[in-house]
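Working notes, beginning with the structure itself.
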Amino acid sequence: MSYIFDGCEKLENINLLFFSTNKILNMSNMFNNCLSLKNLNLSSFNTKNVTDMCYMFYYCCNLIKLDLSSFDTKNVTNMSHIFDGCEKLDDINLLFFNTYKVSYMSYMFSNCLQLKNLNLSSFKTENVIDMSYMFYNCCNLTNLDLSLFDTENVKNMSNMFFGCEKLANLELSSFDTKNITDMSEMFFNCSNLTNLDLSSFDFRNVEKIKDIFTNCGRFNDLDFSLINNGIINYALEFVILFISGIQINEKKDY
């Protein structure tokens, strides 16, 4: 079913209640660029065999309601861009999503401009390798608790929170970053964040870190107290932070 409604720009409503999907393996790009679609009820979908949902609702920019309550995602490995560009969705209930097999979450909620809260407490992320741009430009998101995320195998977190300008609370204390190679622009323009606990971060394998804290002008406390010594490789980044008046708690050897 991949691309089946791709580019149906004038489609406003669609009745899929009688679709038989129990044998479908691929739903990628299914509603890609359905620009006029406002409501989508997929409650009858059987997705137990689906492995690919990337770009499924990509730029359904007028979608205001999305019922995914029947979705069985236990076999899905790719969710990249799945909600990317759903600009008017202000709520997505994903508590029933099984993400255990997912490897790709890049751009997953990118450009979800109206999202204010997002509960991802049920997400299993131990097999994810790419979280780049995951919350890119979620400019109305105010709180995000990722304390249950297992990021041990993630390699790319670049631009992960880029443009989350209203984000005031961000819980990352459980993050394992020892395999990350790219953190460039990770918190770019998170201009409302004042505190950030990065005490669990390990920078030893990071190769790209450019602009990681650019335009984070409200920081008054940045906790690196337990951070791996690999951070020494990025001294210039900290010089910039000190000049900006940000308080940094660095690791001390006693």
TODO: Can you give me the number of residues within the range 180-196 that are surrounded by fewer than 19 Cβ atoms within 10 Å (Cβ to Cβ) and either aliphatic (A, V, I, L, M) or at pLDDT below 90 (or both)?
DONE: 2
Task: the range 22-67 - residue that is of a type outside the set (A, V, I, L, M) and not in a loop (DSSP other than H, G, I, E, B) and, of those, surrounded by the most Cβ atoms within 10 Å (Cβ to Cβ) - done: D52
Task: Scan of the range 189-211 for residues that are polar (S, T, N, Q) and more than 22 Å from K155 (Cβ to Cβ), ordered by number - done: N189, S191, N192, T194, N195
- [ ] Return yes when D253 is modelled with pLDDT of 90 or more, among the charged types (D, E, K, R) and either under 27 Å from E126 (Cβ atoms) or assigned to a loop (DSSP other than H, G, I, E, B) (or both) and no when it is not.
- [x] no
Task: Close pairs (6 angstrom Cβ cut-off, 6 or more residues apart or separate chains): closer than 12 Å to L37 by Cβ in the range 61-90, among the small types (G, A, S) and part of a loop (DSSP other than H, G, I, E, B) anywhere - done: C61/G85; N62/S36
Task: Odd one out for I129 among (1) within 13 Å of the chain's Cα centre (by Cα); (2) crowded, with 24+ Cβ neighbours inside 10 Å; (3) farther than 23 Å from K38 by Cβ; (4) hydrophobic (A, V, I, L, M, F, W, C) - done: (2)
TODO: Output the residue which, of all residues in the range 90-109 that are assigned to a loop (DSSP other than H, G, I, E, B), out of contact with any His (no Cβ under 7 Å at 6 or more places or on another chain) and hydroxyl-bearing (S, T, Y), is surrounded by the most Cβ atoms within 10 Å (Cβ to Cβ).
DONE: S106
Open item on the list: Restricting to the range 132-179, and then to whatever is within 11 Å of the chain's Cα centre (by Cα) and on the phi > 0 side of the Ramachandran plot, can you tell me which residue is surrounded by the fewest Cβ atoms within 10 Å (Cβ to Cβ)?
Closed with: N137
Open item on the list: Could you go through the range 78-89 and let me know if any residue there is surrounded by fewer than 23 Cβ atoms within 10 Å (Cβ to Cβ), outside any loop (DSSP other than H, G, I, E, B) and under 15 Å from the mean Cα position of the chain (by Cα).
Closed with: yes
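The values are calculated or read from the model by the stated rules, or taken from the named source; none is laboratory data. These figures come from a predicted structure and were not determined experimentally. Here Cβ is always computed from backbone atoms with ideal geometry, including for glycine, and neighbour counts include all displayed protein chains.
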